[in-house]
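See below for the structure under consideration.
We did not get these values from a lab; they are worked out from the coordinates using the rules stated. The structure presented is a predicted model; accordingly, all values stated were derived computationally and were not measured. Cβ: placed from backbone, ideal geometry, glycine included. Neighbour counts: every protein chain shown.
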Amino acid sequence: MIIGKKIKKICKKNKVKFIINDDPLLALKLDADGCHLGQKDMNIKIAKKILGKKIIGITCHNSINLAKQAIKAKADYIAFGAFNRSVTKKTKYVASLKILHQVKKFTKTPTVAIGGINAVNYKNLLLNNANFLAISSYIWKNKKYKPLQAIERLK
């Protein structure tokens with residue numbers, strides 16, 4: 001809770017959304033902007049009852065079918081990945097740029113690209129219909145750059 005409150009202040013100061021991963025109840029307690037749900041997390045309908053109008057995004061791995069289900073359930077965004085090998089999580093699902101193009105043909109729901117994103121490969125995802133990027137290890141586990149330096153390299 002204490003760390004969450006500190007992160008919320010940092011997000012607010014920098015005018016970025018504070019999204020809690022996997023835990024709608026924690027998102028509610030922290031008054032976060034929203035919650036991201038994986039396929040094994042709480043059902044979006046229950047999460048919506050808990051969080052009301054707050055942002056809820058859904059992991060869709062590399063599946064158009066999961067994306068359609070998330071859109072039908074009124075997810076605020078749909079996330080795909082991993083687009084690259086990641087050191088944050090073991091890569092179970094591999095997504096290609098093709099899925100970003102396919103999904104844009106039937107929805108305006110924003111897309112998030114996940115997985116091994118760094119200063120070398122991020123632009124290609126944005127140029128191929130990803131609306132947002134989820135970047136973790138490049139910022140927090142970078143052996144060459146401190147977190148702020150890593151972020152600067154993404155601008």
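Available extension along the chain between W140 and K9 is 45.3 nm, counting 0.36 nm per residue and deducting the alpha carbon span.
Remark on A79: its backbone amide H falls under 5 Å from those of I58, T59, C60, V112, a criterion applied only to residues 5 or more positions apart or on other chains, H modelled at 1.01 Å from N. The distance linking the range 1-27 with the range 91-155 is 20 Å (Cα centroid to Cα centroid, whole angstrom).
Please name which of N129, I7, S86 has its Cα lying farthest along the dipole of the chain towards the positive end, using unit charges on Cβ (Lys, Arg +1; Asp, Glu -1) and the Cα centre as origin. Positive-end residue among those listed: I7. Local charge for K123 was computed over the other residues whose Cβ lies under 14 Å away, with Lys and Arg +1 and Asp and Glu -1, and equals +2. When each of L66, L100 is scored by the number of other beta-carbon atoms lying within 10 Å, the sequence from fewest to most is L66, L100. When the Cα gyration tensor is reduced to axis lengths a ≥ b ≥ c, the ratio a/c is 1.5 or higher for the range 1-88, and with a/b not above b/c it is classed as oblate. Each peptide in 82-93, 20-31 receives the mean, over its residues, of other Cβ atoms within 10 Å, and ordering these scores from highest gives 20-31, 82-93.
Pull out the extension gain between K89 and L126, defined as 0.36 nm times the separation in residues minus the alpha carbon to alpha carbon distance; nm, one decimal.
11.1 nm
Listed by Cβ neighbour count within 10 Å, with the fewest neighbours leading, C35, C11 appear as C11, C35.
When the listed pairs K5/K146; K45/K108; K6/K141; K90/K146; K29/K144 are checked against a 27 Å cut-off, the alpha-carbon distance exceeds it for K29/K144.
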